[in-house]
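Here's the structure, in structure tokens; my notes come after.
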Amino acid sequence: MASRKRSRHKKKSQHVSDNAARTPLSTVVEVRHSSVHGRGVYAAQFIPKGARIIEYTGKRMSWKEVPNDRDDPHTFIFGLDNGQVINPEIDGNEARWINHSCDPNCEAVGEDGGIFIYALRRIRPGEELFYDYALQLDEPITKKLENEHRCHCGASTCRGTMLEVKKRKRARKRQGRARPPVAPRHV
């Protein structure tokens, strides 16, 4: 699956039968102003860890049918395994307003032919929902693109970008892993 920015989330989660997943969406989440970016989605009630919160909905279409609106580079379109995409600008729901964070409390999971948002931890009423966009672009990453995808999440672990960051291979010694540095002791 992928977004307009080619966001690919391939993690699998198990379904959770709980009140949050069975309650109508309007009572589980609400959209309101976010200090992170414009609108945001907030928990309207307690959401347990592992709960399926909401489906990311919108019109299903081919990549070719997706309008290329250069004035709105931040419309995120998820691609599905069947080659179609979900365009939330047409018939989308509250999930389209979930913001990015480098320290997310949710994740987007592709399953059952759709995209679903799951809680990574317990979420209190009034808390904003976030998932890590980890955007993948189909073009070389330039300074301009890095600037367009700058992160404003404010997390202590913020990596400064909504783009996927490739993990670097750790340096290893010949005999095995390098030992972590040891902090000096005060005696």
Single unsatisfied condition, residue 144 versus (1) of a type outside the set (Ser, Thr, Tyr); (2) within 17 Å of residue 163 (Cβ to Cβ); (3) exposed (fewer than 15 other Cβ atoms within 10 Å of the Cβ); (4) under 15 Å from the mean Cα position of the chain (by Cα): (4)
Unmet criterion (only one of (1) of a type in the set (Ser, Thr, Tyr); (2) free of Cβ contacts under 8 Å to residues at least 24 places away in the same chain; (3) more than 25 Å from residue 145 (Cβ to Cβ)) for residue 62: (3)
Residue match in the stretch 101-115 (condition: more than 22 Å from residue 157 (Cα to Cα), modelled with pLDDT of 90 or more and over 18 Å from the mean Cα position of the chain (by Cα)): no
Residue match in the stretch 123-133 (condition: in contact with a Pro (Cβ under 7 Å, 6 or more places away or on another chain), modelled with pLDDT of 90 or more and over 17 Å from residue 31 (Cβ atoms)): yes
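Here is a yes/no grid of residues against (1) under 24 Å from residue 33 (Cβ atoms); (2) not in a loop (DSSP other than H, G, I, E, B):
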| site | (1), (2) |
| --- | --- |
| 104 | yes, no |
| 115 | no, yes |
| 118 | no, yes |
| 137 | no, no |
| 140 | no, no |
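Only one residue in 163, 137, 129, 80 is under 14 Å from the mean Cα position of the chain (by Cα) and more than 19 Å from residue 41 (Cβ to Cβ), so which one is that?
Details: 137 fails: under 14 Å from the mean Cα position of the chain (by Cα); 129 fails: more than 19 Å from residue 41 (Cβ to Cβ); 80 fails: under 14 Å from the mean Cα position of the chain (by Cα).
Only one candidate passes the filter, namely 163.
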Some residue of the stretch 167-186 being more than 28 Å from residue 60 (Cβ to Cβ) and modelled with pLDDT of 85 or more: no
Hey, residue 79 at pLDDT 85 or above and surrounded by 15 or more Cβ atoms within 10 Å (Cβ to Cβ) or not: no
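The values are calculated or read from the model by the stated rules, or taken from the named source; none is laboratory data. Fair warning: this is a prediction, and the values are worked out from it, not measured in the lab. Glycine also receives a Cβ, built like all others from the backbone with ideal geometry; neighbour counts cover every protein chain displayed.
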